[in-house]
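Every number here is computed from the coordinates shown, using simple stated rules; none is lab data. In this text, all values refer to a predicted model and were calculated from it rather than measured experimentally. Quick reminder, even Gly has a Cβ in these numbers, built from the backbone with ideal geometry, and neighbours come from all protein chains shown.
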Amino acid sequence: MAKIELKAIRKIFDSTEILKGIDLTIEDGEFIALIGPSGCGKSTLLRVIAGLEPQTSGEVRIGDVSVDGVRPSARNLAMVFQSYALYPHLSVFDNIAVPLRMRRHSALARVPLLGRLLPGRASTERGIREEVERVAAQLELSSLLRRKPGQLSGGQRQRVAVGRAIVRQPLGFLFDEPLSNLDAKLRVHMRSELAQLHRQLKATFVYVTHDQAEAMTMSSRIAVMIEGHIVQVGTPAEVYENPRDIRVAEFVGSPKINALPGVIREDGGLEVLGRPLGLSTPAAAGRCSVCVRPERMELGAGPAAISGTVVHLEHLGSEAFVHVKADRIDLPLLARLNPDRQLPAIGSSVHLTYPANAARIFDAAGKRIEVAVPVRSGRALEQAVG
Amino acid sequence: MAETLTANANLVAERLPAAVATARVQGANRARPALAMVAPAFMLMCLLLLGPLAGVIALSFTDYQLGSPTFSWIGLENYREMLADRVFWTSLRNTLTYVAIVVPSAVALGLGVALLIESGSSFRAWYRTIYFLPVMATLIAMSIVWEFMLHPQFGLVNGLLHGVGLEGFSWLQDRRTALYALCVIGIWQALGFNMVLFLAGLVSIPRQLYDAAEIDGAHGAWARFRLVTWPMLGPTTVFVVVITGIRSFQVFDTVHVLTKGGPSKSSEVLIHTMYVEGFEFFRSGYGAALTVVFLTFVLLLTLLKSAMANRGVHYT
């Protein structure tokens, strides 16, 4: 169990800079998720931590020891790959035993046939057998130990890969999109299994995924990576509620957040489509984006209401999505509603509104702007909306 | 050629019973189109494979001579003569020796070269081309080049040996060395093709397996090779061994151009014996009997391949 520290990690492939200075401290026993759109460098970062890819500059420290130049296996981190990377010619037992055999047997003892004659090999092998069987029992793989990976289902292969990782009792676990090859139902199931495993092992987990549902449900903290930078680190709720950057706001949350074009007036007041929001900001005047989560959107009139036409409805049983095209600008908006109420028909005109405290404002460069609700007009707005 | 034909025959042979069985289950209505669809392949197979094969087997029971207007059935006489013939046994032993030397060497060297090319980063295409050249070149023409290189007086090989103070040989004219010299040429020729096949096999090994091996503690090149490369190359290796085996059984060009089976039959091989009997002595019946023996060996290799392919080397 150990703390993992990354200091100013840069990685340049040929002339493309993939990681542009990553600083991150992963606490001992923490479950941190690295999320971001594909190509943002999250997998590369994981490989740098694992030692599979040397960083161009910067430092990786594991448990307060610099591991630059230390071989992957000596870093004592286990990794679970997206494709599971099981050895297809070895049985489940042998797959799980590989890291132990590599570590405990001398090169000579691993020679087929001849190695068996070496003294001490049998007792080492007995120890390995016990540990593999213990891990297999823990992961409910005991009945599958003789099978080859090709004879297993996706979920079982996944568990074998996890077994191979935990059998060596590493300092930390690195997961590279481990669930993305599974079907949706199994993914949800494995999600809870992994979270449970983390509680059980109390080890440091670094989990790379592009699936925010995985990140939100399992991790204690999320690091959002975009274009080679870590843009925001925080608890899932923090990242969802208070994105520091418009790219974080747009990446986290499904369906995507609504982004409305806004203007900051000279006096600091905010307007959307010419209507005042009742919010003010100390930021400089200019264009801005006003972002509102779909579940904060409501049907109904109000001072900041946007009129539009319903273009599409999605009724999912527990919730309903109303896709609206705003009238004055060609802008798709989405409201997530409780399906108990009467939903508007496709083609009908509706008004969409939202409480002022649901709006997250970002400047033209995409950075978050702090806003204040002026006491009087704010209350007036709340009343008008509510 | 022969291996592709046998492979095709296997394919059709596998599909035919399946098609027939399905047809029976699904009733006569569907049997007719099914048979109609199988018919062209079946006809071609009969025409190009089974027919000639039956012809050769039939011919091996006759005393037919090329160009002769008549022949008579002589039963197993050809085979009896063959088994009593020292030349046949010599050529069979030489062929097996040739196969036993060329197959392991060409496979091991092909794999070695492929691994070296794959591990390096520069001049890959250059090396690939160099090693593949012998495969593209006409073996007859290359044989003449080898003849010059192996010439006892002014050949390059003996010249080099003299340079380091060693005694040369009359490679192709010496009973002790003729077959082995041919083996070297055979290896040189087969190496490039095997290398290309192994390169293709290496490229298809998932990178993540090497990553996993690295994390699991397989550091050295040998440990990685044992844990990942070699098992993952299983299917390729079986294919390469069988192809090289069949091609080595077919060795003819170099023998015909360089030694004509000599000196004193020391480099006589099956196909060359077949050629001499059939087309120089015009004893077609006896030649056919030799062909049947040759085909038996090729068939055995093909069966070995399908047996290996079905178990052990395919993991999914």
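Points worth noting:
- Applying a DSSP loop filter and a limit of 10 other Cβ atoms within 10 Å to the trypsin sites (Lys or Arg not before Pro) in the stretch A:73-166 leaves A:R146.
- Residue order, fewest to most surrounding Cβ atoms within 10 angstrom, among B:M136, A:M225: B:M136, A:M225
- Were the residues from A:A8 through A:L108 laid out at 0.36 nm apart, the gain over their Cα-Cα distance would be 31.9 nm.
- For the stretch B:206-313, the fraction of alpha-carbon pairs in successive 10 Å shells from zero, as %: 13, 27, 22, 17, 13, 7, 1
- What the Cβ-Cβ distance of B:R176 and B:L300 gives, at R0 = 35 Å and to the nearest 0.05, is a FRET efficiency of 0.70.
- Sorted by Cβ neighbour density within 10 Å, fewest at the top, the residues A:E140, A:E17: A:E140, A:E17
- Expressed per residue, the C-alpha convex hull volume of the stretch B:63-119 stands at 130 Å³.
- Given B:K265/B:K305; A:K3/A:K42; A:K185/A:K325, the pairs whose alpha carbons are separated by over 24 Å: B:K265/B:K305; A:K185/A:K325
- Counted charge near A:S91, where neighbours are those whose Cβ lies closer than 9 Å (Asp, Glu -1; Lys, Arg +1): +2
- Antiparallel %, DSSP beta bridges [both residues in the protein assembly as shown], to 5: 75 percent
- 10 Å binning of all Cα-Cα separations within the stretch A:255-385, expressed as whole percents from 0 upward: 13, 44, 32, 11, 1
- Among A:E59, A:E27, A:E266, residue whose mean-square fluctuation peaks in a GNM of chain A (springs only between Cα atoms under 10 Å): A:E266
- Choice from B:L166, B:L270, B:L295 with maximal GNM fluctuation in chain B (Cα, 10 Å cutoff): B:L166
- Note that the stretch A:272-283 has calculated 3J(HN,Hα) couplings of 10, 6, x, 10, x, 8, x, 10, 9, 9, x, 5 Hz, one per residue in order, obtained from phi through the Karplus relation 6.51 cos²θ - 1.76 cosθ + 1.60 (θ = phi - 60°); glycine and proline are x.
- Distance between modelled label sites at A:V311 and A:A184, nm, 7 Å Cα→Cβ extension: 2.3 nm
- B:W230 versus A:R71: modelled label distance in nm, points set 7 Å from Cα along the beta carbon direction: 1.8 nm
- Calculated SAXS-style log₁₀ I(q)/I(0) at q = 0.14, 0.15 Å⁻¹ - the stretch A:195-326, Debye, Cα scatterers: -0.82, -0.90
- The stretch B:210-316 - percent relative contact order, Cα under 8 Å, separation 6 or more: 25 percent
- Computed from the Cβ-Cβ distance with R0 of 51 Å, the FRET efficiency linking A:S38 to A:A345 stands at 0.85.
- Here the dipole of the protein assembly as shown is about 1160 debye; that uses its Cα centre as origin and unit charges on the Cβ of Lys and Arg (positive) and Asp and Glu (negative).
- B:W89, B:W171 arranged by Cβ crowding within 10 Å, fewest neighbours leading: B:W89, B:W171
- This model, with +1 at the C-beta of Lys and Arg and -1 at the C-beta of Asp and Glu, gives the stretch A:4-241 a dipole about its Cα centre of some 1320 debye.
- Residues whose amide H falls under 5 Å from that of A:I369, counting only those 5 or more places apart or on a different chain, are A:I361, A:F362, A:D363, with hydrogens built in the peptide plane.
- For A:G21, neighbours were defined as the other residues whose beta-carbon sits under 11 Å from its Cβ, and their charges (Lys and Arg +1, Asp and Glu -1) total +2.
- Distance distribution P(r), the stretch B:65-180, all Cα-Cα pairs, bin width 10 angstrom from 0: 10, 21, 30, 21, 11, 6, 1 percent.
- Summarising the amide proton neighbourhood of A:L19: residues at separation of 5 or more, or on other chains, whose placed amide H is nearer than 5 Å comprise A:K11.
- The stretch A:4-241: relative contact order as a whole-number percent, Cα under 8 Å and 6+ apart: 31 percent
- Low-density loop positions, chymotrypsin sites (Phe, Trp or Tyr not before Pro), the stretch B:214-285 - DSSP coil, at most 15 other Cβ in 10 Å: B:F252, B:F281, B:F282
- Restricting the calculation to alpha carbons of chain A gives Rg and Dmax of 26.1, 87 angstrom.
- Residues in the stretch B:98-106 carry Karplus couplings, in order, of 4, 4, 5, 8, 5, 4, x, 5, 5 Hz; the curve used is 6.51 cos²θ - 1.76 cosθ + 1.60 with θ = phi - 60°, and Gly or Pro positions show x.
- Taking amide H atoms as placed 1.01 Å from N in the peptide plane, the amide H of A:I222 lies under 5 Å from those of A:A33, A:G234, A:T235, each 5 or more residues away in sequence or on another chain.
- Structure-based [θ]222 nm, chain A - -39500 (n - 2.57) summed over DSSP H runs of at least 4, per residue, nearest 500: -8000 deg cm²/dmol
- Summed residue charge, Cβ within 15 Å of A:A33's Cβ, Lys/Arg positive, Asp/Glu negative: -3
- Chain A: antiparallel DSSP beta bridges as a percent of all, rounded to 5: 75 percent
- Equivalent ellipsoid of chain B: semi-axes from √(5λ) of the C-alpha gyration tensor, largest first, are 37, 35, 15 Å.
- Degrees between helix A:375-385 axis and first principal axis of chain A (Cα, 0 to 90, nearest 10): 90 degrees
- Residue with peak Gaussian network fluctuation, chain B [Cα springs, cutoff 10 Å], from B:R80, B:R283, B:R32: B:R32
- Site pair B:H162 and A:A372 shows an inter-label distance of 10.3 nm when each label is modelled 7 Å from Cα along Cα→Cβ.
- Average Cα contact separation per residue, chain B, under 8 Å, 6 or more apart, as relative contact order %: 27 percent
- A Förster radius of 56 Å combined with the Cβ-Cβ distance from A:Q200 to B:L35 puts the calculated FRET efficiency at roughly 0.35.
- Semi-axis lengths (Å, descending) of the ellipsoid that matches the C-alpha gyration tensor of the protein assembly as shown: 71, 33, 26
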